[in-house]
Amino acid sequence: MRRVVVTGLGLVTPLGADVETVWKNILAAKSGAGQITRFDASGYACTIACEVKPAGTENGFDPNLRVDHKVQRQVDPFIIYGIDAAGQALEDAGLTDMSEEERFRAGCSIGAGIGGLPGIASESIVLHEKGPRRVSPHFVHGRLINLISGQVSIKYGLMGPNHAVVTACSTGAHSIGDAARMIALDDADVMLAGGAEGAICPLGIAGFAQARALSTNFNATPERASRPWDKDRDGFVMGEGAGVVVLEEYERAKARGAKIYGEVLGYGLSGDAYHVTAPHPEGSGAFRSMEMAMRKSGLAMSDIDYVNAHGTSTPLGDELELGAVRRLFGSEISNISMSSTKSAIGHLLGGAGAVESIFCLLAMRDQIAPPTLNLENPSDGCQGIDLVPLKAKERKIKAVLNNSFGFGGTNASLVMKAL
Amino acid sequence: MSETADRVKKIVVEHLGVEAEKVTEDASFIDDLGADSLDIVELVMAFEEEFGVEIPDDAAEKISTVKDAITFIDANKG
């Protein structure tokens with residue numbers, strides 16, 4: 001099987017819109033949370049979110065850098081975030097000028113969990129108030145989930161596989177795993193892989209709040225709301241943005257002298273077959289997903305140094321995931337550090353798995369584990385493992401495991417290792 | 001330039017993201033301003049909103065330059 005490595009990274013997040021700014025803020029234990037500014041959320045159960053900041057403000061995102069004006073007008077925010085992150089990743093990899101021959105073998109697998117919810121909501125109102133002849137001709141292709149891959153392929157001329165995963169909050173991890181397989185199986189030599197989300201809108205916040213998934217006890221102190229494994233946690237904080245990586249066949253990357261962040265060694269997938277929103281009570285799906293990724297990687301449990309957990313800060317999920325990690329690692333659990341970066345940037349839903357995979361790669365590059373913010377009083381059952389509370393931790397990190405789980409009982413795990 | 005022309009030009013600049021100088025009366029939406037057929041549908045909708053006119057599909061198909069749009073609007077607005 002052909003080996004697959006990561007040679008480029010791109011990020012748009014609530015803590016910055018380029019990889020180094022985001023990482024610096026993550027390591028400095030900054031939070032991207034605040035009151036919702038996109039709409040008047042007073043009267044909503046949850047009034048807070050981790051929004052991508054406007055251009056010209058601290059850690060802001062300027063869509064004009066990589067997305068055409070016309071495209072910006074036509075598409076939902078998740079597509080804009082995705083196009084920019086993909087562009088960053090290609091630039092980082094030095095692959096913006098590939099030959100036509102190379103571009104036949106270069107593709108996209110960039111998905112989202114929900115897609116164009118803000119645009120669907122607002123255009124429904126147009127239809128209702130003004131009638132069908134006022135609905136935008138760009139309505140459909142400006143909201144579809146696969147239109148990040150579509151737009152990116154057109155912008156950069158990538159004519160290989162054009163794919164988009166939709167697996168709720170595990171989309172980003174599945175996207176990378178599936179794309180890595182496409183390279184391993186010789187469908188492509190280069191893949192842009194990742195996920196995006198931009199669902200901070202009235203329907204998105206109301207819907208997740210009604211599903212009892214969002215934090216509602218910290219509306220006055222948003223930076224304290226996302227607190228994985230802490231006793232006072234009461235739900236996740238919605239984030240937005242995108243993470244995209246360049247995956248490349250190893251021999252090709254080596255031959256061109258590419259900077260290599262790490263190798264995708266193992267990919268695991270599973271289904272809970274239990275409940276649409278609640279995780280399996282024994283963490284069975286999470287366990288089998290991790291177990292498969294570890295088995296495929298060929299690594300021993302003792303080789304893993306850092307785990308970036310799904311860890312959304314919901315009452316049920318965090319401890320079940322930790323229980324599954326404990327079962328998988330056995331006594332080796334005392335040697336790993338595990339943290340949830342959702343404590344800093346919130347839950348990017350379909351973007352989460354990709355953004356967090358990038359943090360895993362940077363943790364290996366810089367030999368430092370990013371912190372779990374607000375973990376002041378760990379729940380019972382969180383003993384015997386380093387959850388990197390409050391402050392980043394310098395340590396040896398050679399191999400990492402990244403988990404993402406989604407509504408519908410879908411699970412994905414990735415194992416990556418420095419070369 | 002007439003008041004209609006000014007307002008048409010503004011809409012075209014905003015929707016197509018082109019420089020204002022390029023939007024001359026002789027400019028073709030597709031050949032000179034980079035629009036595709038869906039962009040024209042959107043522009044026609046924007047003209048309808050802005051000027052309170054109705055531009056039926058068969059009339060819209062004949063609008064290919066900035067001048068065509070201005071002429072139709074001036075002839076049909078209330």
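The values are calculated or read from the model by the stated rules, or taken from the named source; none is laboratory data. All of these numbers come straight from a predicted model, not from anything done at the bench. All Cβ positions, glycine included, derive from the backbone under ideal geometry; neighbour counts span all protein chains shown. The protein model used for the area step is the full one, side chains on, heavy atoms only, and it has no ligands, DNA or RNA in it. Shrake-Rupley method; radii C 1.70, N 1.55, O 1.52, S 1.80 Å.
Using the Karplus curve 6.51 cos²θ - 1.76 cosθ + 1.60 with θ = phi - 60°, work out ³J(HN,Hα) for each residue of the range A:88-105 in order, rounded to whole Hz, and write x for Gly and Pro.
Values, residue by residue: 4, 5, 5, 5, 4, 7, x, 10, 7, 10, 6, 6, 4, 4, 5, 6, 5, 10 Hz.
In nm², what is the average projected area of the convex hull enclosing the Cα atoms of chain A?
18.9 nm²
Rounding to the nearest 20 debye, state how big the charge dipole of the protein assembly as shown is about its Cα centre with +1 on each Lys and Arg Cβ and -1 on each Asp and Glu Cβ. Write out the running numbers ahead of the final one.
On the way: 46 positive and 67 negative charges, 400 e Å.
Computed charge dipole of the protein assembly as shown: roughly 1920 debye.
Sorted by accessible area (1.4 Å probe), largest first, how do A:R133, A:R143, A:R227 line up?
A:R133, A:R143, A:R227
I'd like the residues of the range A:122-145 whose 1.4 Å-probe accessible area shrinks by no less than 40 Å² going from the isolated chain to the full set of protein chains.
A:R133, A:R134, A:P137, A:H138
Could you tell me the accessible area of A:S175 in Å² (1.4 Å probe, neighbours in place), rounded to the nearest ten?
Solvent-accessible area, nearest 10 Å²: 0 Å².
Please give the charge dipole size of the range B:19-78, origin at the Cα centre, charges +1 on K and R Cβ atoms and -1 on D and E Cβ atoms. Round to the nearest 20 debye.
With only Lys, Arg, Asp and Glu charged at Cβ, the dipole is about 180 debye.
Which sequence of A:R212, A:R66 reflects their accessible areas, 1.4 Å probe, from the largest down? Mind dumping the intermediate values first?
Details: A:R212 180, A:R66 45 Å².
Result of the area sort, largest leading: A:R212, A:R66.
Filter the GluC sites (Glu not before Pro) in the range B:1-42 to those in DSSP coil with at most 14 other Cβ atoms within 10 Å of their Cβ, and list the result. Please report the intermediate quantities before stating the final value.
On the way: sites: B:E3, B:E14, B:E19, B:E21, B:E25, B:E42; in loops: B:E19, B:E25.
When the GluC sites (Glu not before Pro) of the range B:1-42 are filtered for loop state and at most 14 Cβ neighbours within 10 Å, B:E19 remain.
Can you compute the modelled spin-label distance between A:E100 and B:A75, with each label point 7 Å from Cα toward Cβ, in nm?
Spacing of the two 7 Å Cα→Cβ label points: 4.4 nm.
Run the 1.4 Å probe and let me know the accessible area of A:D18, rounded to the nearest 10 Å².
60 Å²
Can you list the residues, at least 5 places off or on another chain, whose amide H is less than 5 Å from the amide H of A:L9, using H built in the peptide plane?
Those qualifying (amide H under 5 Å, at least 5 residues apart or on another chain) are A:D92, A:A93, A:V246.
Taking accessible area as the heavy-atom solvent-accessible surface of the protein chains with a 1.4 Å probe, which residues of the range B:1-31 lose no less than 10 Å² upon going from the isolated chain to the full protein assembly?
B:E14, B:H15, B:L16, B:G17
When the chain is fully extended, how far beyond the present Cα-Cα distance does B:E49 get from B:I30, taking 0.36 nm per residue of separation?
Extending this stretch completely gives an extra 4.7 nm.
Once A and B are treated as a pair rather than alone, how much accessible area drops out, both sides summed, in Å² to 100, probe 1.4 Å?
Result for this pair: about 1200 Å² buried.
To the nearest 10 Å², what's A:T216's accessible area with a 1.4 Å probe?
That residue has around 60 Å² of solvent-accessible surface.
What accessible area per residue comes out for the protein assembly as shown, rounded to a whole number of Å², with a 1.4 Å probe?
Numbers: 19270 Å² over 497 residues.
Accessible area per residue: 39 Å².
What trypsin sites (Lys or Arg not before Pro) does the range A:237-285 have in DSSP loop regions with at most 14 other beta carbons within 10 Å?
Values: sites: A:R252, A:K254, A:R256, A:K259; in loops: A:R256, A:K259.
Counting only loop positions with at most 14 other Cβ atoms within 10 Å, the trypsin sites (Lys or Arg not before Pro) in the range A:237-285 are A:R256, A:K259.
What residues in the range B:38-57 lose 50 Å² or more of accessible surface when the other protein chains are added to their chain alone (1.4 Å probe)?
Buried-area filter returns B:L38, B:E42, B:M45, B:E49.
Could you pull out the longest piece of chain A with no exposed loop chymotrypsin sites (Phe, Trp or Tyr not before Pro) in it, calling a site exposed if DSSP puts it outside H, G, I, E, B and it has at most 14 other Cβ atoms within 10 Å?
A:40-273
Can you list which of the GluC sites (Glu not before Pro) found in the range A:289-379 are DSSP loop residues with at most 13 other C-beta atoms within 10 Å?
Details: sites: A:E291, A:E319, A:E321, A:E332, A:E356, A:E376; in loops: A:E376.
Passing sites in the range A:289-379 are A:E376.
Using the charge dipole of chain B (Lys, Arg: +1 at Cβ; Asp, Glu: -1 at Cβ; taken about the Cα centre), state which of B:F51, B:I40, B:I63 has its Cα farthest towards the positive end.
Ranked along the dipole, the leading option is B:F51.
Once amide H atoms are placed 1.01 Å from N in the peptide plane, what residues at a sequence separation of 5 or more from A:L265, or on another chain, have their amide H within under 5 Å of its amide H?
A:V415, A:M416, A:K417
Which ³J(HN,Hα) values in Hz, rounded to whole numbers, follow from the phi angles of the range A:232-245 under the Karplus curve 6.51 cos²θ - 1.76 cosθ + 1.60, where θ = phi - 60° and Gly and Pro get x?
Going residue by residue, I get 8, 5, 9, x, 8, 10, 6, x, 8, x, 7, x, 9, 10 Hz, with x marking Gly and Pro.
Describe numerically, in nm with one decimal, the distance between label points set 7 Å from Cα along Cα→Cβ at A:A55 and at B:E21.
2.1 nm
Considering amide H positions built from the backbone, and no H for Pro or chain starts, which residues 5 or more places from A:S337, or on another chain, come under 5 Å of its amide H?
A:Y306, A:V307
Keeping every protein chain in place, order A:H163, A:H174 by accessible area at 1.4 Å, biggest value first, i.e. largest first. Walk me through the intermediate numbers first.
Numbers: A:H163 65, A:H174 10 Å².
Of A:H163, A:H174, the descending order of accessible area is A:H163, A:H174.
Give A:K231/A:K393; A:K231/A:K296; A:K130/A:K155; A:K342/A:K417; A:K30/A:K259; A:K155/B:K77 a once-over and call out the pairs whose C-alpha atoms are over 31 Å from each other. Mind showing how you got there, number by number?
Values: A:K231/A:K393 22 Å; A:K231/A:K296 35 Å; A:K130/A:K155 34 Å; A:K342/A:K417 22 Å; A:K30/A:K259 28 Å; A:K155/B:K77 39 Å.
Table pairs above 31 Å Cα-Cα are A:K231/A:K296; A:K130/A:K155; A:K155/B:K77.
Would you please give the FRET efficiency between A:A273 and A:R212, computed as 1/(1 + (r/R0)^6) with r the Cβ-Cβ distance and R0 = 30 Å, to the nearest 0.05?
0.85
Which whole number in µm²/s is D for the range A:229-348 by Stokes-Einstein, with the Kirkwood Rh taken over Cα pairs at 25 °C and 0.890 mPa s?
150 µm²/s
Give, in nm to one decimal, the length gained when the segment between A:H128 and A:A255 is fully stretched (0.36 nm per residue of separation minus the Cα-Cα distance).
Gain on extension, A:H128 to A:A255, equals 40.0 nm.
Could you work out what % of the accessible surface of the protein assembly as shown is carbon and sulfur, using a 1.4 angstrom probe and leaving DNA, RNA and ligands out of the count? Can you show the working numbers first?
Working: 10100 of 19270 Å².
Roughly 52 percent, rounded to a whole number.
May I have the pair-distance distribution P(r) for the range A:270-417, computed from all Cα-Cα distances with 10 Å bins from 0 and rounded to whole percent?
12, 47, 37, 4
Using the basic label-point model (7 angstrom from Cα toward the beta carbon), what is the A:L65 to A:M301 distance in nanometres?
Modelled inter-label distance: 4.2 nm.
Quick one: what are the phi-derived ³J(HN,Hα) couplings along the range A:216-227, Karplus 6.51/-1.76/1.60 with θ = phi - 60°, whole Hz, x for glycine and proline?
Each residue of the range A:216-227 in turn: 10, 8, 10, 4, 8, 9, x, 5, 9, 6, 8, 9 Hz.
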